[in-house]
1. Assuming R0 = 51 Å, what is the FRET efficiency of Ala161 and Leu138, from their Cβ-Cβ distance, to the nearest 0.05?
2. Using Cα positions and a limit of under 25 Å, work out the lysines in reach of Lys179, with same-chain residues fewer than 8 apart set aside.
3. How far is it, in nm, from the label point at Asp150 to the one at Ile171 when both lie 7 Å from their Cα along the line to the Cβ?
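Coordinate-derived values only; no laboratory data. A quick note: this is a predicted structure, and the numbers were derived from the prediction, not measured. So basically every Cβ, Gly included, is an ideal-geometry build from the backbone, and we count neighbours across all protein chains shown.
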Amino acid sequence: MENTIEQPLATVNGAPFNLLPEDLYIPPDALEVFLELFEGPLDLLLYLIRRQNLDIVNIPIAEITRQYIDYIELMGLLNIELAAEYLVMAAVLAEIKSRMLLPRRSDDEEEDDDPRATLIRRLQDYEIIKQAADDLDLLPRMEREHFTADVDTSALAIVQALPDIQLKELILAFQDVLKRVDQTSHHQITKEALSVRERMATILAQLEGENSLLFPQLFIRKEGRPGVVVSFLAILELSKERLIDIIQPEPFAPIRISAARAAEAYC
């Protein structure tokens, strides 16, 4: 059989104590246990009624009064400080009990049919308020069921991988520009010769000093379809010569155009 090491009762200044001193005196009130008390006389009455599954509308006032007085006496034995409200409620119960025992005249019955009516109304109102408070207490509460968490993300380096732009996306964007040009096109009297090389230079000048521009911003609507086509060919030619970057931050996002030297800054 293994030897079990007996734990000391206490350790004082590093020295263990296995036996209580013979002259140790513990006062009777040295240990006090505080339990959750009732929140008031109405709370106590409601508890007594619920414990016996009684109907609030038909309270057996004599039995409830007896139990209420017993509880007050118990509080006195436990040295619990009694609030004046409990004593007032005890007097109210005694008054109701005496009024129910005394014979009543016919005119009294018309004025007040039941001496318990006022107390019953107060208990019903209190029961509604108490139930609402219990329902509120069941709701999730910050610092009880939910706790806030702070995370320092300054040291995190997140690199967003940009998706590759498909030619289909570029064609769809160009088709949208064509639709807008058709809606705002006007009758042109004269035509000017449009050069792809000149438009390439114009686009590079637009991008100078800009981080990036939206794809439709590189088109001049007043030039009509010929001007839009020339601008589109210029964009394709600039991309082929790696002078510009065609960027789409995420799928289905607007397409942007940036100078090649600004592509890394935009990402």
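1. Details: r = 46 Å, r/R0 = 0.90.
Between Ala161 and Leu138 the formula returns 0.65.
2. Lys168, Lys191, Lys222
3. 5.4
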